[in-house]
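What follows is a short report on a single structure.
Any read-out appearing in this document is the output of simple, stated calculations on the displayed coordinates, not a laboratory observation. Keep in mind the model is a prediction, meaning the values are calculated, not measured. FYI the Cβ positions are ideal-geometry reconstructions off the backbone, even for glycines, and counts take in every protein chain you see.
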Amino acid sequence: MSTPSTMVCRLRVNGDAVACAVSPGTTLLEALRYGLGLTGSKQGCDKGDCGACTVVVDGEPVLSCITLAAACEGREIVTVEGLARDGSPHALQDAFDLAGGAQCGFCTPGVLMSAWALLQREASPGREAIALALSGNLCRCTGYTRIFEAVELAAARLREARGR
Ligand code: FES
Ligand code: FES
């Protein structure tokens, strides 16, 4: 049963209008994972250090574990579940597969979302820009080189698909 402090939070997630019950302290990550069943965003450190929970809010990567769900009302949220289209993986997801950018995969949803936000605003990011954009996403497995290569590959393929 709802407690008096429970409220309905209306969000736009991956293009859909959704609602879930939250308390004033519910984080966006908790709302996504436990309220909406979107478990792609990972709960790693839960204190803003690892980036595993990264989602994109109004075009900017956000650490959803330290963002209140209520603060995201009316904003456009994209999670890793929103990358694939019509059953086909996004170019970034394909490139991570091809380039070996994911090993255990725990960091991957957050890395993908930081990379996706970067490619939304920059079609040809250099290695330095990619490293900077992903600097908040910790990966214990890959040593990052293959992640950077995967982002470069995806960027090239997206440019090719757009004919430039
Ligand atoms: S789970 Fe959010 S930064 Fe680690
Ligand atoms: S692939 Fe394992 S933490 Fe990045």
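Side notes on the structure shown:
- Residue-by-residue Karplus 3J(HN,Hα) for the range 67-82, coefficients 6.51, -1.76, 1.60, Hz, glycine and proline x: 10, 6, 4, 4, 6, 9, 4, x, 9, 8, 10, 10, 10, 4, 5, x
- Potential lengthening of the chain between I66 and R162 amounts to 31.0 nm, from the contour at 0.36 nm per residue minus the alpha-carbon distance.
- The distance between label points at D58 and S23 comes to 2.7 nm (points 7 Å beyond Cα on the Cα→Cβ vector).
- Using every pair of separate Cα atoms, the Kirkwood estimate puts the hydrodynamic radius of the chain at 16.2 angstrom.
- 3J(HN,Hα) along the range 40-52, derived from phi through the Karplus expression 6.51 cos²θ - 1.76 cosθ + 1.60 where θ = phi - 60°, amounts to x, 6, 8, 9, x, 6, 6, 9, x, 9, 9, x, 5 Hz, with x in place of Gly and Pro.
- Modelled spin labels at Y34 and A84, positioned 7 Å past Cα toward Cβ, are 2.6 nm from each other.
- Exposure proxy order (Cβ contacts within 10 Å, fewest to most) of R162, R127, R146: R162, R127, R146
- Here the calculated FRET efficiency for R10 and Q120, from their Cβ-Cβ distance with R0 = 30 Å, stands at 0.80, rounded to the nearest 0.05.
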